[in-house]
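Remarks on the structure that follows.
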Amino acid sequence: AAQTNPQKYDAVVVGAGLAGVYALYKLRNQGLSVRVLEAGSGIGGTWYHNRYPGARCDIESLDYSYSFDNELQQDWSWTERYASQPEILRYINHVADRFDLREHIQLDTKVTSAVFDDATNTWTVGTDAGEHFESRFAVMATGVLSVPQVPSTTGLEDFQGEWYHSGDWPHEGVDVRGKRVGVIGTGSSGTQMIPILADQADELLVFQRTPNFCMPAQNYPIRPEVEQEWKATYPERRAFARQSGFGHNQVTNPKSGKEVSAAERLAELENRWDLGGLYMMRAFKDILVDKEVNDEASEFVRGKIRSIVADPQTAEALSPRHLPIGTKRLCSGTGYYETFNRENVTLVNVRESPIDRITATGVRTADADYDVDVLVFATGFDAMTGALNRLNPVGRDGRQLRDHWAAGPQTYLGLTVSGFPNMFIIAGPGSPSVFSNMVTSIEQHVEWIADAIAHLDGNGFDTIEASPEAEAEWVRHVNEVANKTLYRDSKATWFYGANIPGKPVVFMPYVGGVGNYWNRITALAQAGYTGFLLDGRESGSEP
Ligand code: NA7
């Protein structure tokens, strides 16, 4: 795009969530001039937009927080075991103020284009206000669950009531008192909001297509002795998280489900249920690999559902049988199954009787009309690639990301894309990303990116980009690792893009483990950026 007077920076960061804020901190401290462009009217990304009732992180707050500054982690006190959305948003804002980051963040600015110029080795980033920014580096901190997906069901334009998506919730909140509310979707967002909406609304209709496993979060105020113990051992805990499978301090049982007795298995499953949330997936080391071990855990949870839900038919309708437990993101909620014992809550099975259309007064399924005053879409996101494909960066020789990714995302290490020099993605497809504590991944990625930039500057290079061969090999590896797990046969989830009509069905995150991944990307950097082209030339040795 031709323009006369672009604003010039060393790096432009797109997005001011947990990723963009840390990228800004890190690169600024390294002496770069940085501009962060954020579409929202505030910082926080996911935690700015997902304000639905009950929105809460499913990773423990003492883990789901930055580790880069010891004073920060010692000073900040989390009130609950799992932090609520408002608390995480306060935390991000605290970080921005504490480290004087705000002046570098431009809000209400949607990035609409990013184009690389081969002649000058610069990126030009354009915004919806017609501004242009020129920089050497473009850092995409655009989020992985940042494009809300409202199903294309016809008739929504006719609906006379109010409607909302979980990921785009009004800041003033939604008053559902005295109203009839319908919720479509029973993933993490739906299962968190349903108990609260049931409490507030007159009547609640839950439109469920596929039941999900929802663990009790077992959330409660943090006990002072727990906080003290963590703060005294933070260096060890952070180091452990960085080398762990999922980037946090939950310990996976080193035993295989097969090597212990049936009684021991049951005791372990009970133990994991009591620990709550994602702990269930750490019950046995092979729970996501061995179908029989997984089947037993799945049946264990179905048994819990039957014991909680009074009406046997409703219990059965709520019992997941479509996917092995954990191959769709496990939900973590409070009082979810109990909610279906309430008089004012009705489960509508829209797998048996699919939603036909939205009408002026509510939802029409194949066999009934349901009137609602408020309709809530907890229907998920165009995950992992949605934001980047919409932004559609243009790399070398006019190559468009959308074309390059037409058959699914192609990245090297989830951090870079061949043909897109000096463009970095934080928590991109092909990285552990949604398969990890996002804050751990964000820190690892940002630190790797900052080191790569320092390497270029320290050695007189202008550009770094993935070689096409290294990228192809990485994509192959990402799939190979997934194919060794039960994810192989569980394609009907957003991990595969299956929730978006027409999206290529490709497994997007890297399930090889946060620690393994971190060691690998670190070794590649130390070996001279193996698999990358520096100033267009092959670099690095076998690490
Ligand atoms: P999810 O996990 O993608 O869940 C979306 C839910 O919406 C899921 O139950 C879907 O059923 C349902 N859905 C989507 N479209 C429709 C239509 N057209 N009709 C009926 N039901 C529909 O999104 P969340 O926001 O809950 O969670 C996303 C991630 O955020 C989560 O995994 C955590 O990592 C945080 P389906 O299963 O497709 O039948």
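Any read-out appearing in this document is the output of simple, stated calculations on the displayed coordinates, not a laboratory observation. The shown structure was predicted, so the numbers you read here are calculated from the model rather than taken from an experiment. All Cβ positions, even for glycine, are placed from backbone atoms using ideal geometry, and neighbour counts span all protein chains on display.
Over 29 Å between Cα atoms, which of 179/491; 255/491; 285/328; 255/328; 231/258; 304/491 qualify? If you can, show how the numbers build up before the last one.
Values: 179/491 37 Å; 255/491 27 Å; 285/328 18 Å; 255/328 23 Å; 231/258 37 Å; 304/491 26 Å.
Over 29 Å apart, Cα to Cα: 179/491; 231/258.
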Can you give the charge dipole size of the range 196-338 about its Cα centre, rounded to the nearest 20 debye, using +1 on the beta carbon of Lys and Arg and -1 on the beta carbon of Asp and Glu? 620
For the chain, report the translational diffusion coefficient in µm²/s to the nearest whole number, using Stokes-Einstein at 10 °C, 1.306 mPa s, and a Kirkwood Rh over Cα pairs. 65
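Taking 0.36 nm per intervening residue step and subtracting the Cα-Cα distance, what contour gain separates residue 175 from residue 102 on full extension? Intermediate results must be reported in sequence, preceding the final value.
On the way: separation 73, 0.36 × 73 = 26.28 nm, distance 3.23 nm.
Difference between extended and current length: 23.1 nm.
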Compute the FRET efficiency between residue 270 and residue 353 as 1/(1 + (r/R0)^6), taking r as their Cβ-Cβ distance and R0 = 25 Å, and round to the nearest 0.05. 0.10
Burial-style ranking of 258-270, 414-426, 486-498, average other-beta-carbon count within 10 Å with highest first, yields 414-426, 486-498, 258-270
Output wanted: per-residue J couplings in Hz (rounded whole) for the range 28-33, from phi through Karplus 6.51 cos²θ - 1.76 cosθ + 1.60, θ = phi - 60°, x for Gly and Pro. 4, 5, 8, x, 8, 8
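Can you tell me the dipole magnitude for the range 297-342 around its Cα centre, using point charges on the Cβ only (Lys, Arg +1; Asp, Glu -1), in Debye to the nearest 20?
Numbers: 7 positive and 4 negative charges, 34 e Å.
Dipole about the Cα centre, nearest 20: 160 debye.
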Taking the 0 to 90 degree range and rounding to the nearest ten, how far is the long axis of helix 85-98 tilted relative to the main principal axis of the chain, both from C-alpha atoms? 20
Calculate log10 I(q)/I(0) of the range 1-148 for q = 0.16 Å⁻¹, where I(q) comes from the Debye formula with a single equal point scatterer on each Cα and nothing for solvent. -0.86
With everything on Cα atoms, drop me the angle between helix 468-483 and the longest principal axis of the chain, reported from 0 to 90° to the nearest 10. 20
The chain: angle of helix 234-243 to the longest principal axis, Cα-based, in degrees nearest 10: 90
Which order do 133, 159 fall in if you start with the one that has the fewest other Cβ atoms within 10 Å? 159, 133
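Test of understanding: ordering 322, 455 by Cβ neighbours within 10 Å, fewest first, what list do you get?
Lowest count first: 322, 455.
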Could you check the simple spin-label distance between residue 542 and residue 364, using points 7 Å along Cα→Cβ, in nm with one decimal? 6.6
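Dipole size in debye (nearest 20) for the chain around its Cα centre, Lys and Arg Cβ +1, Asp and Glu Cβ -1?
Charge dipole, the chain, about its Cα centre: 660 debye, nearest 20.
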Whole-Å distance linking the alpha carbon centroid of the range 35-97 with that of the range 403-421 is 29
Could you name the aspartates and glutamates whose alpha carbon sits less than 20 Å from that of residue 110, not counting residues in the same chain fewer than 8 places away? 10, 38, 128, 131, 134, 168, 382
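Estimate the FRET efficiency between residue 220 and residue 406 by the formula 1/(1 + (r/R0)^6), using the beta-carbon distance for r and 51 Å for R0, to the nearest 0.05.
On the way: r = 47 Å, r/R0 = 0.92.
For R0 = 51 Å, the calculated efficiency reads 0.60.
How much length, in nm to one decimal, is gained on full extension between residue 516 and residue 338, taken as 0.36 nm per residue of separation minus their Cα-Cα distance?
Details: separation 178, 0.36 × 178 = 64.08 nm, distance 3.95 nm.
Here the segment from residue 516 to residue 338 would lengthen by 60.1 nm.
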Dipole axis of the chain (+1 Lys, Arg; -1 Asp, Glu on Cβ), positive-most option in 483, 313, 123: 483
Quick check: residue separation of residue 229 and residue 263 times 0.36 nm, minus the Cα distance between them. What number comes out in nm? 9.0 nm
